[in-house]
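Reading through the structure tokens given below for one structure.
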Amino acid sequence: MKRREPFKMFGAVSTYLSRVCAGGACKLKAELCNNTKDDPVVTLDEHQEVVDSFDGARMWWRLCPKASKNKGAITVSYYPGETDEPRCFRLVFHKRHRQLVLSSYLPSVVRRWRELTAKNRQRRLFTNHASEGNKSVWTSVPYNPPATFDMLTMDHAKKVDIMEDLTAFQKGKEYHSKVGKAWKRGYLLHGLPGTGKSTMIGAMANFLDYDVYDLDLTSVKNNSELRKLFLDTTDKSIIVIEDIDAIEDELTTKRKGNSERVFMFTTNHIDWLDPALIWPGRMDKHIEMSYCRFEAFKVLAKSYLDITDHSLFAEIGRLLDETDTTPADVANNLMVRSKRNGEISRLLLDDEMDGSPPADVANNFMLRCKRKRDADECLAGLVQTLKKAKMESATPPMDTIEEEAKEEHNLTQKKATEGGGYMMSARC
């Protein structure tokens, strides 16, 4: 069984044998993976053989090392895949068990691999970049975004609608198969920078427990390479495409089979897009990420200041309705003013102090006073920022005033000429 992407049978067998049969190996190999866990990943070393049993039949597995295709002179190449056969697992069994192995044993290995993967799943963020052969490939890092739907600065009913839509998609395998449609869902996030599009993607990834593929189109040479990248993505994933006007509109529908994928398209200017790109067959749901209003502000105030009410809330709500301010701008005001000793504090405080010594109770009281002062300072600063934004929006920029004066002057000259008037120039 040779290691071929995207089928991943090599990885499935490796995981299965490491968990089920590794105890019978003479030599094992342990590696630390780039994730949040300290447990090493233990696998078989090369040339090692282990024995497995299934329905009374014995199976012998052996990990074979890389082998050179060229058995003669040594060949040096920048592309090892052209000269070397990859590592593979060799499975040996009695010929009378052939049907058992093909129809029952190997499927059971895959099922067990899926169970182990789900149990020890580490969510990943994949990005594409050009490899040695100038072909774009995926690489990944652990992905643990802190965002949740509770943190999103949008109307509660809108958040519930999105979560219900995602849940319906997850449970829709049989429906998509019945109607003959690919099991995918396309979302278009549109809004100005700072309105929370990236936070929404992180919240969706946490809600679905999906990996995220962040597609950088600048490193993709052509549509053929782009289609290859799509084919190399895995099920249960979110594929993020930011520059949607740079791709052909049919690419998201070309993958066959029961692919469980969510496509996330983002844009700052929905009105710039070709209508063919955003029709419901490709963008199933449009989500507008808008300016920060009072309900969204209360979410931010709870997250950053740990408060649900304040004497300035009413004034802030009125100013937010009168100005167009992004959630990122509001959050920045709440964060910057809570700096202490070069660090940003979210002003969280443990309310459980029952049974604490008197000194701890006194310290708790002082911390509460400090939290109130910091909240007062943050909110007062936000009020001033919003008032300034309101004044700036009401006053046209100087270049606009100059342009209007110039247009008025040109119009006056045109009317004078059309009315038979004339202008005199006196020289001395």
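The values are calculated or read from the model by the stated rules, or taken from the named source; none is laboratory data. The model shown is predicted, which means the values in this text are computed figures rather than measured ones. Cβ: placed from backbone, ideal geometry, glycine included. Neighbour counts: every protein chain shown. When the accessible area is computed, the model is the full protein with side chains, heavy atoms only, and any ligands, DNA or RNA have been set aside. Shrake-Rupley method; radii C 1.70, N 1.55, O 1.52, S 1.80 Å.
I'm trying to understand the selection: among the residues of region 168-196, which are part of a helix (DSSP H, G or I) and open to solvent by 30 Å² or more (accessible area, probe 1.4 Å)? Spell out how you get there, then give the answer.
Narrowing region 168-196 to residues part of a helix (DSSP H, G or I): 168-170, 173-179.
Residues satisfying the conditions are A168, Q170, K173, E174, Y175, S177, K178, V179.
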I need the full set of residues from region 144-201 which are among the β-branched types (V, I, T) and touching a helix residue (DSSP H, G or I) at 6+ places or on another chain (Cβ under 9 Å), in order please.
T148, T153, V160, I162, T167, T195, T199
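For region 109-132: of the residues being in contact with a strand residue (DSSP E or B) (Cβ under 7 Å, 6 or more places away or on another chain) and among the polar types (S, T, N, Q), which is modelled with the lowest pLDDT? Talk me through it step by step, then tell me what you get.
Applying the first criterion (in contact with a strand residue (DSSP E or B) (Cβ under 7 Å, 6 or more places away or on another chain)) to region 109-132 yields 122-131.
Checking the rest, the ones that are also among the polar types (S, T, N, Q) come to 122, 127-128, 131.
Details: Q122: 81, T127: 94, N128: 92, S131: 77.
It comes out as S131.
Has region 357-374 got any residue that is small (G, A, S), assigned to a helix (DSSP H, G or I), open to solvent by less than 80 Å² (accessible area, probe 1.4 Å) and at pLDDT 70 or above?
Going residue by residue through region 357-374, those that are small (G, A, S) are 359, 362.
Add one more test, that the residue is assigned to a helix (DSSP H, G or I), and what stays is 359, 362.
Of the ones still in play, those that are also open to solvent by less than 80 Å² (accessible area, probe 1.4 Å) are 359, 362.
Subsequent filtering for residues that are at pLDDT 70 or above retains none.
No: region 357-374 contains no residue that is small (G, A, S), assigned to a helix (DSSP H, G or I), open to solvent by less than 80 Å² (accessible area, probe 1.4 Å) and at pLDDT 70 or above.
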Checked region 151-190 for anything in contact with a Gly (Cβ under 8 Å, 6 or more places away or on another chain) and of a type in the set (S, T, Y); matches are T153
Just give me the residues in region 85-131 being free of Cβ contacts under 8 Å to residues at least 12 places away in the same chain and surrounded by 14 or more Cβ atoms within 10 Å (Cβ to Cβ), in sequence order.
L106
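Among residues belonging to region 319-335 that are polar (S, T, N, Q) and in a helix (DSSP H, G or I), point out the one that is surrounded by the most Cβ atoms within 10 Å (Cβ to Cβ).
Kept after step one, since they are polar (S, T, N, Q), are these residues of region 319-335: 323, 325-326, 332-333.
Filter once more, so that each one left must be in a helix (DSSP H, G or I): 332-333.
On the way: N332: 14, N333: 20.
Residue satisfying both the conditions and the ranking: N333.
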Do we have E164 as of a type outside the set (A, V, I, L, M), open to solvent by 40 Å² or more (accessible area, probe 1.4 Å) and either at pLDDT below 90 or closer than 30 Å to N332 by Cβ (or both) here?
no
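Would you say N206 is open to solvent by 10 Å² or more (accessible area, probe 1.4 Å) and without any contact (Cβ under 8 Å) to a residue 60 or more places away in the chain?
Here the answer is no, as N206 does not meet what is asked.
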